[in-house]
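Reading through the structure tokens given below for one structure.
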Amino acid sequence: MKLQQLRYIWEVAHHDLNVSATAQSLYTSQPGISKQIRLLEDELGVEVFARSGKHLTRVTPAGERIIATAGEILRKCGSIKQIAQEFSNEKKGTLSIATTHTQARYALPIVIGEFIRHYPEVSLHMHQGTPTQIAEMAADGTVDFAIATEGLEFFGDLVMMPCYRWNRCVIVPKGHPLADMGPLTLEALADQPLVTYVFGFTGRSKLDEAFHQHDLVPRVVFTAADADVIKTYVRLGLGVGIVARMAVDARQDEDLVVLDASNLFESSVTWIGFRRGTFLRGFMYDFIKSFAPHLDRETVARVMRCHNRQEQEEIFRDISLPAY
């Protein structure tokens, strides 16, 4: 059994069983991959992939277990390389992050700018996706860190730490009736066509919960994952926008009226996480602390020693999270 063979079956499984695409991504030949997979299967005495002619059709039950274990082995090998790099050159390497558009566009630019200035030889890669996609990328080692607010049920296999609290605001064009009505109410919002986030993005669940608790049904006429898209359609008069407060810029959005809605909706928490067993290099600890100052190296190390989510929550029970 060779490490290269394990990498091939892992990559094929994560390229939708497309051997040609896998070969292209690994800069090798399709016949070479197929041959090595066959040699591995012959050695193991079981098929990793079911076939129809020359085409792979599905992962076998045995293959699912083998591929999962192969992933663990490859991640451990990655950690060994990280350890070696940390001692050979502690300021050189790569850092990959998966997050949503809102975090990438509004919360991370300053943090990343400072990080790049401190670590110019670290190559930083940003991936955007849904909470499910973000969790999968972190769990399978595609990225080092996951940053998300929604869908924490998908992150059970990751070490997750709270970073900050944030809330929402309502945006309307100038001259809109809500701009002059006084204190904003959920009832007034429920009477308006709403433009907001797709469910599963950027604290959308807190919004729906607030209306539900007051027996109100919001009239959502348009949804998007991107706050800038939401603001565009508010400007077109499609409806009243509800976005993360961090997504409003006083200069760029001066044509819109911003109404505070923090008294209407429960605040949301943004989290940062990584897969268990990850070797964190020095610059990774620094990135976490830059994004969430209360997550210093000692605190992160304590969280990594926890055996379950309950123990992790206990660490942060008495910590007052900063508000964005």
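The values are calculated or read from the model by the stated rules, or taken from the named source; none is laboratory data. Owing to the predicted nature of the structure, the values given are computational and were not obtained by experimental measurement. Backbone-built Cβ (ideal geometry, glycine too); neighbour counts: all protein chains shown. Surface accessibility is based on the protein's heavy atoms, side chains included, excluding ligands, DNA and RNA. Shrake-Rupley method; radii C 1.70, N 1.55, O 1.52, S 1.80 Å.
Quick notes
- Subset of the stretch 210-250 that is open to solvent by 60 Å² or more (accessible area, probe 1.4 Å) and under 24 Å from residue 322 (Cβ atoms) - its residue that is modelled with the highest pLDDT: 245
- Cross-chain or 6+ apart pairs with Cβ under 8 Å, the stretch 212-227 first and more than 20 Å from residue 244 (Cα to Cα), then surrounded by 14 or more Cβ atoms within 10 Å (Cβ to Cβ): 214/186; 216/186; 216/190; 217/190; 217/211
- The residue that is surrounded by the fewest Cβ atoms within 10 Å (Cβ to Cβ), among those in the stretch 24-54 that are in contact with an Asp or Glu (Cβ under 9 Å, 6 or more places away or on another chain) and not aromatic (Phe, Trp, Tyr), is 25.
- Within the stretch 286-312, residues that are closer than 22 Å to residue 122 by Cα and touching a residue at least 24 places away in the same chain (Cβ under 8 Å) reach no partner that is open to solvent by 70 Å² or more (accessible area, probe 1.4 Å) and part of a loop (DSSP other than H, G, I, E, B) with beta carbons closer than 6 Å at six or more positions or on different chains.
- Test: residue in the stretch 78-87 that is over 24 Å from residue 127 (Cβ atoms), surrounded by fewer than 19 Cβ atoms within 10 Å (Cβ to Cβ) and not aliphatic (A, V, I, L, M): yes
- Test: residue in the stretch 56-67 that is under 21 Å from residue 139 (Cβ atoms), of a type in the set (D, E, K, R) and in contact with a helix residue (DSSP H, G or I) (Cβ under 6 Å, 6 or more places away or on another chain): no
- Residue tally, condition open to solvent by 10 Å² or more (accessible area, probe 1.4 Å) and in contact with a strand residue (DSSP E or B) (Cβ under 7 Å, 6 or more places away or on another chain), over the stretch 266-277: 5
- Residue in the stretch 93-117 that is least open to solvent (accessible area, probe 1.4 Å), counting only those that are more than 25 Å from residue 140 (Cβ to Cβ) and free of Cβ contacts under 8 Å to residues at least 40 places away in the same chain: 113
- Residue satisfying condition, being within 21 Å of residue 111 (Cβ to Cβ), open to solvent by 40 Å² or more (accessible area, probe 1.4 Å) and not small (Gly, Ala, Ser), within set 160, 126: 126
- Of all residues making up the stretch 131-154, the number that are of a type in the set (Phe, Trp, Tyr) and buried (at least 23 other Cβ atoms within 10 Å of the Cβ): 1
Quick grid of which residues meet (1) among the aromatic types (Phe, Trp, Tyr); (2) part of a helix (DSSP H, G or I); (3) closer than 16 Å to residue 277 by Cα:
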site	(1), (2), (3)
56	no, no, no
64	no, yes, no
79	no, yes, yes
91	no, no, no
96	no, no, no
105	no, yes, no
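- Figure legend. Inter-residue proximity from the stretch 136-150: first residues closer than 14 Å to residue 78 by Cα, second residues part of a helix (DSSP H, G or I) and modelled with pLDDT of 85 or more, beta-carbon distance below 7 Å, spacing 6+ or different chains. Indicated pairs: 143/137; 144/284.
- Residues in the stretch 291-313 that are open to solvent by less than 100 Å² (accessible area, probe 1.4 Å) and of a type in the set (S, T, N, Q): 299, 308, 312.
- Some residue of the stretch 197-209 being in a strand (DSSP E or B) and surrounded by fewer than 16 Cβ atoms within 10 Å (Cβ to Cβ): no
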